[in-house]
Structure formats: structure tokens, C-alpha cells
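The values are calculated or read from the model by the stated rules, or taken from the named source; none is laboratory data. Note that the structure is predicted; figures quoted are calculated from it, not measured. Cβ: placed from backbone, ideal geometry, glycine included. Neighbour counts: every protein chain shown.
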Amino acid sequence: MSDSSAVRKSRDERPRDEHKRTSLPTFYRQVVAELRKVVYPTQEQLVTYFIVVMVFVVVMMAIIAGLDLGFGKLVFAVFTGGEDI
């Protein structure tokens, strides 16, 4: 046996609440209570977020497409001897 300080606690030393299971009705009430705390965005915020995400995606697509085209031409030039750049 090792003398590690990270030895697991025996069953008798664990707190009793650690093994408690929540009943299904209690779980459902907790879920509903948490969902009531959620702050949903307004339609204006939703449209703004949508536009921001779409602009970001289009910009990233353009950057990746440009890099792909550039690296593709570079590899083609290296392997064909630079004839058709």
C-alpha cells in the first residue's frame, strides 16, 4: 500500500448527503425554477446577434478560402516547378 495523502475516504467517513438521490418531482421543480431564471433576448437583440454571427462566419470563410487558395497555388508551384502560377 502507498502512503498517499489522496487516499479515498471510506464509506463511513463520507457525508450522508453525498449519496442522496433527488426524486423525479423534486428534479422537475428544480428544472422549472431554473428555467424561470433565464433571461431571454428581445427580438432586436436576437437580430443583432444573428447579424454579428453571420458577419463573423462570412469573414472567417473568406480568410480560410484565401489561405486555401494561396497554399494550393504555392504547393502547385512547388511540385510543378513554378510553370503555371
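Beta carbons closer than 8 Å, at least 6 apart along the sequence or on distinct chains, pair a first residue in region 54-73 that is part of a helix (DSSP H, G or I) with a second that is of a type in the set (V, I, T) for K73/I85. Annotation note: Cβ proximity below 8 Å between a residue of region 35-48 that is at negative phi and a residue that is surrounded by 10 or more Cβ atoms within 10 Å (Cβ to Cβ) and in a helix (DSSP H, G or I) (sequence gap 6+ or interchain) occurs for P41/Y49.
Does R21 satisfy the condition of being at pLDDT below 95, of a type outside the set (S, T, N, Q) and assigned to a loop (DSSP other than H, G, I, E, B)? Yes: the conditions hold for R21.
In contact with an Asp or Glu (Cβ under 8 Å, 6 or more places away or on another chain), surrounded by 10 or more Cβ atoms within 10 Å (Cβ to Cβ) and part of a helix (DSSP H, G or I): does that describe F76? Judged against the criteria, F76 is a match.
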